[in-house]
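This report refers to the structure that appears directly beneath it.
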Amino acid sequence: MAQALLITIKKLLMTLQINSLEDYQKAYQSSVENPSEFWDNIAENFLWRKKWTQTLAYDWSVPETKWFLEGKLNITENCLDRHLASKGDQTAIIWEPNDPNDAAQHITYRQLHSKVCAFANVLKNNKVVKGDRVCIYMPMVAELSVAVLACARIGAIHSVVFAGFSSRALAARINDAECKVLLTADGGFRGDKVTPLKDIADEALKTCPSIKKSIVFQRTKQTIAWTSDRDLWWHEELTKVDDSCPAEVMDSEDILFILYTSGSTGKPKGMVHTCGGYMLYAAYSFLNVFQYKPNDIYWCTADIGWITGHSYIVYGPLATGATTVMFEGVPSYPDYGRFWEVCEKHKVTQFYTAPTAIRALAKHPLSFVTDHDLSSLRILGTVGEPINEEAWHWYDDNIGKNKCPIVDTWWQTETGGMMISSLAGVTQDKPTFATLPLPGIQPVLLDADGAEITDIKAEGILAIKQPWPSLARTIYGDNERYKNVYFSAYPNYYFPGDGALRDALGNYRITGRVDDVVIVSGHNLGTAPIENAINEHDNIVESAVVGFPHDIKGNALYAYVITYDGVIQTDELITEIRNLVAKTIGAIAKPDKVQFVKGLPKTRSGKIMRRILRKIASGNAGDLGDTSTLLNPEIIDDLQKGFDKN
Ligand code: PRX
C-alpha cells in the first residue's frame, strides 16, 4: 500500500498518456491484439488493495462482463488519498457559483479529502452501509461532488438524479433502486430561477417508503417544510463527526453507482457501473482525449446529474489529479458571455460542452465572446449529440481562434467513458466527425441483417465488438431488459442504438439514433415515457411523439395527440398537455409542438409508423416512402393539413 502510494501523478501521466499519432496507432493495435496485457499495464498505474487475478471474463449471451476479477480497491483512494503527498495543496475543484458576484471556491485535494471523509461519517451515522443505495438530488454545489465521493468512500451506491427532474420522475428512480437515504438541498439557483428542490423531494417522498432519512444542504435559505423524524440539516450533521474515515475495500465488480437513462419503453433504465473498470477507463480516456497536463484547468460544463458529469467532472479528473471546474449556473446568466467570463477568470485550458450550448450562444452578438480574453484555452470538446458543421466552425473560429483542437466525443451513459473521439492535437479532428475509436474500443458498422460491413467507407448501424472496462454491467434489477436492449438485436455485439458513417480513413461520424430515443439539447429522451405522460390526461385517447430538427436544440419534440370525441381542442388543452409532461418527467421533455389528429398512421399489426410522423413533423411530407403497408393511408392528409396549420 505504502509503495503503491508513491505512484505520483507524474508517473501516471507519463505511462498512460499517448503523445503522438504513432503512439496512438501502437496502443490501438496492442489493445486489439492483446487486450489483457494492454489493460493490465494501464491498471497497474492505480492504487489497488489487492491485485486482480484475471483481467477479463465475459459472455455476451448471458450477458455478463467482468474486469479485474478479485481485484480490491476504493476509487476514492485513487481520487483523493494517493494525491495527498504530492499535491495535497493543489486545487482539486474550482466551484464557480451561479451569481458572478459571489466568491468562487478553490478546494484543495487535502480539503476535499477531509470533506469527503467527514460526510462519509455523516452517512455512516445515519446507518448507511456498503451496498445501500443513496439517492442524490442536488444542485451543482461543491457538496454534490462531496456527496458522490462520500458514498463511494463507504461503498454505498449513489444514484444521482438530475435536479431538473419532476417529483414523479424522482420517486420512480428512488423506488426502482429502493434507496435508503436522500441527499437534497432546500433549493437550487440556476440563472434567475430558484428550483424548490426540497418541495419537489417532499412530494416525491410521499410515495417512497424505502427512504429513512433526507439530509438537506442549505443553499438558497428559502422557507421549506420539515418532517422532523426524517429530515436532517447537512451542516448540523457535520458537527457530529470528524474527518477520518477509512475507505471501504471494494471488489472490482462491486457496484459504484446507478445512473438512470431513458429507454424506448416507459421505465427509465438504471445503468449499473462497477468500481474497477469504470475508474480505469474514466481516468485513461480523460488523460488522453483532453491531453491533460500538470497545472491545466479543465472545465466540463455538464451537470453531475448526467454521465458526463460523473466521468468527466468528478471521477476521471480526480483520479488523474487534475483541477476540475464545477459550474452552478447557466450559459445565459447574467448574460450570454458567462461561459467566456468563467474561462477568462479561471484561465481554463480545456473546455468541454454540448453542441446545443454552442448553437444557443452563436445566435447572440459576438461581442459576448470578444469581450473576454480566451487565450488560456488550448483544447475544446463537445459531447451529447452530433455537432453540425456551422456550430463546429463557430466554435473553432471564435472560441478556439483556429488554434485549439476540437474533440467531438461520442459515448453514452451505458459506455461509462468516451468511446470514439480524437485525442486532442495527437490524432486529427474533422468537423462533424467523432473520428477514431480510443484504444481498446472496436467499433464496427453492421448492415440491416447484422452482417459486418467490410468496406472502409460505409454507412450502417454502429456496434461494438469487444467489451471495454467501463461498459455498464446491467440494468439495475433487470438483466433481461439489458440483454434485450443491448445484446439481442445483433448477437455478440454491443448495440448502442446509433447509426454512423465511416470515411475512407476510418473516421466515424454519428448520424443519430436508430431507435425511439430523441436527443433534445443533448438530453437523451425516450418517446414512450412522454407518450405515457400525455395519455394520462383525461381528454386524451392516444399520442405519438417524435423528434424534428431544431436550430438550437438539435432536435425538438412533436406530439401528435388524439382526443376523445366531444373534447374541444383548445390552446389551453395544449398547455395542459405540455405541463403534464413537465410534471411527470421534467421541463426538458415538454413537446415544442402539439398537433391534434384524428388518427395515427398504423401498420396492419397496429404498430405506429413513426417514420411517417417524423417526416411530416420535419416538413418533408413530399417524400413519405412506401405507405402501402398502412392500415389507414387516408390519415396522412389529415396529418399534413394539421401540420400546415401548426
Ligand atoms: O445518440 C448518441 C448521442 O447521445 C447518446 C447517449 O446519450 P446519453 O446516454 O445521455 O449520454 C450523453 C453523454 C455521453 C448517444 O447514443 N451522442 C453522444 N455523444 C455524441 C452523440 N451523438 C453524436 N456525437 C456525439 N459526440
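The values are calculated or read from the model by the stated rules, or taken from the named source; none is laboratory data. Predicted, not measured: the structure shown is a model, and the values here were computed from it. Here the Cβ positions follow ideal geometry from the backbone for every residue, glycine too, while neighbour counts run over all protein chains shown.
Just a few scattered comments:
- Scanning segment 274-317 for residues that are of a type in the set (Phe, Trp, Tyr) and within 12 Å of the ligand (Cβ to nearest atom) yields TRP306, TYR312.
- Of all the residues in segment 344-367, those that are closer than 22 Å to MET326 by Cα and in a helix (DSSP H, G or I) number 10.
- Segment 581-626: number of residues that are in contact (Cβ under 8 Å) with a residue 60 or more places away in the chain, of a type in the set (A, V, I, L, M, F, W, C) and touching a helix residue (DSSP H, G or I) at 6+ places or on another chain (Cβ under 8 Å): 5
- Checked against the criterion of being within 16 Å of the ligand (Cβ to nearest atom), part of a loop (DSSP other than H, G, I, E, B) and either under 19 Å from THR435 (Cα atoms) or touching a Gly at 6+ places or on another chain (Cβ under 6 Å) (or both), segment 388-403 contains one or more residues that satisfy it.
- Among the residues listed as ILE612, ILE608, ILE616, ILE588, the single one being closer than 23 Å to SER166 by Cα and touching a strand residue (DSSP E or B) at 6+ places or on another chain (Cβ under 9 Å): ILE588
To keep it simple, each residue is scored yes or no on (1) more than 14 Å from the ligand (Cβ to nearest atom); (2) buried (at least 20 other Cβ atoms within 10 Å of the Cβ); (3) assigned by TED's automatic domain parsing to the domain that holds ARG611; (4) modelled with pLDDT under 95.
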site	(1), (2), (3), (4)
ALA472	no, yes, no, no
TYR476	yes, yes, no, no
ASN479	yes, no, no, no
PRO491	yes, no, no, yes
TYR494	no, yes, no, no
ALA504	yes, no, no, no
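- Residue in segment 318-339 that is in a helix (DSSP H, G or I) and within 14 Å of the ligand (Cβ to nearest atom) present: no
- Selection over segment 285-298 of residues that are under 25 Å from GLU328 (Cβ atoms) and surrounded by fewer than 24 Cβ atoms within 10 Å (Cβ to Cβ) gives a count of 3.
- As a summary of the residue check, ALA282 satisfies the conditions (1) crowded, with 21+ Cβ neighbours inside 10 Å; (2) not assigned by TED's automatic domain parsing to the domain that holds HIS113 except for the one numbered (2).
- All strands (runs of 3 or more DSSP E) inside segment 515-566 with 3 or more residues being crowded, with 18+ Cβ neighbours inside 10 Å, modelled with pLDDT of 90 or more and away from the ligand (no atom under 11 Å from the Cβ): 540-550, 554-563
- Considering the conditions (1) near the ligand (Cβ under 9 Å from one of its atoms); (2) surrounded by fewer than 16 Cβ atoms within 10 Å (Cβ to Cβ), ASN484 is excluded by exactly one of them, (1).
- Checking each residue in segment 368-382 for being part of a loop (DSSP other than H, G, I, E, B) and surrounded by fewer than 17 Cβ atoms within 10 Å (Cβ to Cβ) picks out ASP371, ASP373, SER375, SER376.
- Test result for GLU414, under 24 Å from the mean Cα position of the chain (by Cα) and crowded, with 18+ Cβ neighbours inside 10 Å: yes
- Residue in segment 423-438 that is aromatic (Phe, Trp, Tyr) and closer than 30 Å to ASP254 by Cα present: no
- Filtered by the rule that a residue be touching a helix residue (DSSP H, G or I) at 6+ places or on another chain (Cβ under 6 Å), in contact (Cβ under 8 Å) with a residue 40 or more places away in the chain and surrounded by 19 or more Cβ atoms within 10 Å (Cβ to Cβ), segment 208-247 gives ILE211, ILE215, PHE217, GLU237, CYS245, ALA247.
- Segment 426-443: number of residues that are in a strand (DSSP E or B) and surrounded by fewer than 21 Cβ atoms within 10 Å (Cβ to Cβ): 1
- Selection status of THR511, near the ligand (Cβ under 9 Å from one of its atoms), closer than 30 Å to PRO467 by Cα and under 23 Å from the mean Cα position of the chain (by Cα): yes
- The listed residues are ASN479, ASN539, ASN484, and the only one of them that is touching a residue at least 60 places away in the same chain (Cβ under 8 Å) and polar (S, T, N, Q) turns out to be ASN479.
- The single condition among (1) crowded, with 22+ Cβ neighbours inside 10 Å; (2) on the phi > 0 side of the Ramachandran plot that GLY131 does not satisfy is (1).
- Residue within segment 179-201 that is within 26 Å of LYS72 (Cα to Cα), among the charged types (D, E, K, R) and free of Cβ contacts under 8 Å to residues at least 60 places away in the same chain present: yes
- Per this entry, GLY417 is not counted among residues that are out of contact with any Gly (no Cβ under 7 Å at 6 or more places or on another chain), more than 13 Å from the ligand (Cβ to nearest atom) and under 26 Å from ALA43 (Cα atoms).
- Qualifying residue in segment 449-469 (condition: part of a loop (DSSP other than H, G, I, E, B), farther than 30 Å from HIS372 by Cβ, in contact (Cβ under 8 Å) with a residue 12 or more places away in the chain and within 15 Å of the ligand (Cβ to nearest atom)): yes
- Of all residues making up segment 346-383, the number that are within 15 Å of the ligand (Cβ to nearest atom), over 20 Å from GLY417 (Cα atoms) and either of a type outside the set (A, V, I, L, M, F, W, C) or in the same structural domain as PHE286 (by TED's automatic domain parsing) (or both): 2
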